[in-house]
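Below is one structure, written out as structure tokens; comments come after it.
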Amino acid sequence: MTARTLCVWFPDWRLRRPDAPPDEPCQVVGDGVVLAANALAAAAGVVAGMRRRQAETLCPAAVTLAADPAAEAAAFEVVAAAVEDLVPRVEVAAPGLLFAPVAGAVGYYGGEGPLVSRVAVAVAAAGGPGARLGLAHGPFAARLAAAAAASGPRILADTRAFLAELDVGVLGQEEKAATLRWLGVTTLGALSALPREAMASRFGPPGLEAHRLASGEDRWVQPRALPEDLVVEERFDPP
């Protein structure tokens, strides 16, 4: 198991822009792939990760906006700074998505619950409503916990048990997931029960990585460097 990790995720962050219509289906696209879709587009079947052509077939009336990663990241910086005030080391994985290792902060704030509550308040003040928070072992499980946290932060006591019930599609590789389903392997729990060597032999390094994630063996958070605390002093004599 990797370290306990907090995920802060705004599902609609890429749609928080002045040219996104509030009352029409809308999607943000980058490199031909849907990166975000509002509720009206989602109701027509559009989901993040879908090819643009498929999304436009499902919802021809959707307004399509080109992703602006620089602007999205700059806008998200205020949220990242708010989390850094409480948990000094964060990894901004994408605009609207960050991870933070919580081992030290948990001891300082008196437990995972109090820490997550503080972060939730700070994030809401900095970025507005709509954030989802999840805490688990490693970024992969924390991100999935956040996705399941529609009614409040989700703190997983047993990461492996949570992962075991999930469909293999959460790995984000549909071709591999289709092959696994054809073999009768439909959940991450069933996947983790397979011999790791068999997954490596059949799928190569991606199969090995999938088995590790399904088993709760995730990567470590990669925090960004903290800026130096610069101080300038100038003396005048006589003043």
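The values are calculated or read from the model by the stated rules, or taken from the named source; none is laboratory data. No experiment lies behind these values; they were computed from the predicted model shown. Please note: Cβ atoms are built from the backbone with ideal geometry, for glycine as well, and neighbour counts cover all protein chains shown. Side chains included, ligands, DNA and RNA excluded: accessible areas come from the protein's heavy atoms. Shrake-Rupley method; radii C 1.70, N 1.55, O 1.52, S 1.80 Å.
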Margin query: One residue is enough: does the range 163-176 have a residue meeting the conditions in contact (Cβ under 8 Å) with a residue 40 or more places away in the chain, closer than 21 Å to F10 by Cα and among the β-branched types (V, I, T)?
Written below: no
Note to self: Just the residues that are hydrophobic (A, V, I, L, M, F, W, C) and either more than 30 Å from D31 (Cα to Cα) or open to solvent by 40 Å² or more (accessible area, probe 1.4 Å) (or both), please, taken from the range 94-107.
What the structure shows: V102, A103, A105, V106
Margin query: Which of the numbered conditions does G110 fail, given that it passes all the others? Conditions: (1) within 21 Å of Q222 (Cα to Cα); (2) surrounded by fewer than 15 Cβ atoms within 10 Å (Cβ to Cβ).
Written below: (1)
Check: Which of the residues that make up the range 195-238 are of a type outside the set (D, E, K, R), in a loop (DSSP other than H, G, I, E, B), surrounded by 10 or more Cβ atoms within 10 Å (Cβ to Cβ) and at negative phi?
Finding: S215, W220, V221, Q222, P223, L226
Check: Among helices (runs of 4 or more DSSP H) lying entirely in the range 136-194, which contain 3 or more residues that are open to solvent by 60 Å² or more (accessible area, probe 1.4 Å) and out of contact with any His (no Cβ under 7 Å at 6 or more places or on another chain)?
Finding: 174-182
Margin query: Taking the condition of being open to solvent by 30 Å² or more (accessible area, probe 1.4 Å) and assigned to a strand (DSSP E or B), how many residues in the range 113-135 meet it?
Written below: 1
Margin query: Just to check your reading of the model, which residue among T187, T159 is closer than 29 Å to V106 by Cα, at pLDDT 95 or above, touching a helix residue (DSSP H, G or I) at 6+ places or on another chain (Cβ under 8 Å) and of a type in the set (S, T, Y)?
Written below: T159
